[in-house]
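S.K.: Please read through the structure below; I'll follow up with questions.
Here, each number is a calculation from the coordinates, and none is a lab measurement. Bear in mind the structure is a predicted one, so any value in this text is a computation, not a measurement. Counting neighbours? That spans all protein chains shown, and the Cβs are built from the backbone with ideal geometry, glycine included.
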Amino acid sequence: MPLSKSISLFIVLVVVLAAGMFATQPLAVEATTGSLDKKNKSNFSQSSLLGSYGTAGRANGFQSRSVGVADFDGRGGVTRTVRINANDGSGGRRLIDLTSVGTYSVNSDGTGEIYFLNLSSSGETTPVTYDFVIRTTESGGGKGKLLASSLEAVQREPGVTASLVEESLTRRNGVR
């Protein structure tokens, strides 16, 4: 094999080995940051959701919007009333009222799930699940716990009026 081909193969081999070393670097960094995250673990629990929260929802852009109130008991129970203003399919709007009862769970990092059974004004019932993250907090969750002042949520199932349902919830201080 000529010397120039040997050198070329050697350079390719060095580049491949170097790329392999760099590819493993994120694993080492991730392992280090993972241990730091354990030290900085948040202090969220079910008691982080307590009181009355105003809700504002949106589905598929402007296809439908909603407003409502959700009341969390701090122990995993939640009730909600929502009015949805949706496209009626013929250029107009229609209003849909929902009453919901459900449960929720909160992970220590401030993420969680809400399970609702919706009862519509037409008498239909539908179970839905929201995944959420607590975005802002205040003190007052008890025993050093954090109290959620705002959340962002996304519904897993298609909604009544559109496929992607997003909801923002903001704590209404002074309202029980």
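S.K.: Can you give the alpha-carbon Rg of the stretch 63-148 over 2.2 N^0.38 Å, where N counts its residues? Before the final figure, lay out each step's value.
M.R.: Working: Rg = 15.6 Å, N = 86, 2.2 N^0.38 = 12.0 Å.
Ratio of Cα Rg to 2.2 N^0.38 Å: 1.30.
S.K.: Would you order E138, E113 from fewest to most other beta-carbon atoms within 10 Å of each residue's own beta-carbon?
M.R.: Numbers: E138 12, E113 16.
With the fewest neighbours first, E138, E113 line up as E138, E113.
S.K.: Further question on the same structure: Using alpha carbon centroids, what distance separates the stretch 50-109 and the stretch 150-176, in Å?
M.R.: 5 Å
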